[in-house]
Amino acid sequence: MGRQPTRGSRQADIAREAGVSQSTVSLVLRGAGDLSRISAETQRRVLSAARRLRYPGTSVPRTPTDRRAAPHLLGVHTFEPIFPTSARDYYFEFLQGIEEQAGVEGCNLVLFTAARDEGGVRRIYRDGVNGLRQAAGSVLLGHHANRDDLAQLARDGHPYVYIGHREVPGVEICYVGGDYRSATGRIVDDLVALGHRSFGYLGEVIRYETQADRWEGFASGLDRFGLTVPTPAFARPEQLTANWLDSTLAAGATAILVESVSLLRVLAAMISLRGLAVPDDVSVVLLVDDPDGEFGPDRWASLHIPRNAMGRRAVQMLIALLSDPEGDHERQVLLPCAHRLEPTVAPPRN
């Protein structure tokens, strides 16, 4: 029989209730369960115990006499068609985390798939009407968010959490993202420790907060070591030419950091056409991951995004906002990202 709920519960109480160590509780509540290889079932058990014990920052269970006793209906909206057809899809783990946590919270999900506008973006508002209004609150995701919609949702008081770092002037956006700046900085630390001193950087043309965070982590990392920050190439894959690779290597670069799979695909082809080898001639790091794809972590050095944890944390944050809109909740969270440098990074040749 479980411990009776108490307002003064501590992490040690949750650990006893869930049958795990206190360190496991701490990692799960900080959203670091995936990075610490804690199973999804153990994480669900910890979160359920935290809610039963009313641990601060977790949602309070609703009672049968509560007017809100019916499960919350949570909306899931994407700004472009991204819903996956297989577990290999980039967005699969985000959505899996959302579904898992909604189940733990006892909530239902509804999928919103609005028609796309002339720019190919799924808009929330049509003729001034909020398309998410049937839901108590919503989780939003997608690369190409319409910022006017985000601002209008906030003005209308519709609770939502964005998966990914997003900023809108004059509006506090609740979001759960990856800490790409810190992760890229750590990658720079490791590359410098291996002896790399000159770098190239390939980035996407459209610069959202997540791309800017990666670049800033890279540039600030080089600044820490007093190394030259190279001029980045922000280009579409079809615009990238072998001249860029030639000039980058001629300038002494021994490591190249790449923001997207599409850019890496072109870069890898150019390296091969030049008769060069990775990592013998140049080290390459992908600043995203390609789960089970051709540039997966077993084939290329890459950053790992905690997608499942981000989806779950977004639902947790949304439930907290719905349960206590004025509460002292975390509203902007960046989860730590891991990285692996094998097998496409090596010390530079002398």
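The table for this structure:
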read-out	value
Where only C-alpha atoms are counted, convex hull volume of segment 270-350 per residue in Å³	115 Å³
Between helix 180-193 and the chain: long-axis angle, C-alpha atoms, 0 to 90°, nearest 10	40 degrees
For the chain, diffusion coefficient by Stokes-Einstein and Kirkwood Rh (Cα), 20 °C, 1.002 mPa s, µm²/s	98 µm²/s
Burial order of peptide ranges 297-310, 39-52 (average beta-carbon count within 10 Å, highest first)	297-310, 39-52
About the Cα centre, charge dipole magnitude for the chain (Lys/Arg +1, Asp/Glu -1 at Cβ), debye	1060 debye
Relative frequency of Cα-Cα separations exceeding 15 Å in segment 225-294, percent	55 percent
Percent accessible area from carbon and sulfur atoms, segment 253-307, protein chains only, probe 1.4 Å	50 percent
Taking the convex hull of Cα positions in segment 106-255, its mean projected area over all directions (nm²)	12.4 nm²
Computed over segment 121-164, Kirkwood Rh from alpha-carbon pairs, angstrom	10.7 Å
222 nm mean residue ellipticity, helices alone, for the chain (DSSP H n ≥ 4; -39,500 (n - 2.57); rounded to 500)	-11000 deg cm²/dmol
Spatial extent of segment 173-324: Rg and Dmax, with the Cα atoms as the point set, Å	16.8, 61
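The values are calculated or read from the model by the stated rules, or taken from the named source; none is laboratory data. What you see is a predicted model, and the numbers here were worked out from it, not measured in a lab. Because the Cβ atoms are built from the backbone with ideal geometry, glycine has one as well, and the counts that use them run over all protein chains shown. Side chains are part of the model used for accessible areas, which takes the heavy atoms of the whole protein and leaves out ligands, DNA and RNA. Shrake-Rupley method; radii C 1.70, N 1.55, O 1.52, S 1.80 Å.
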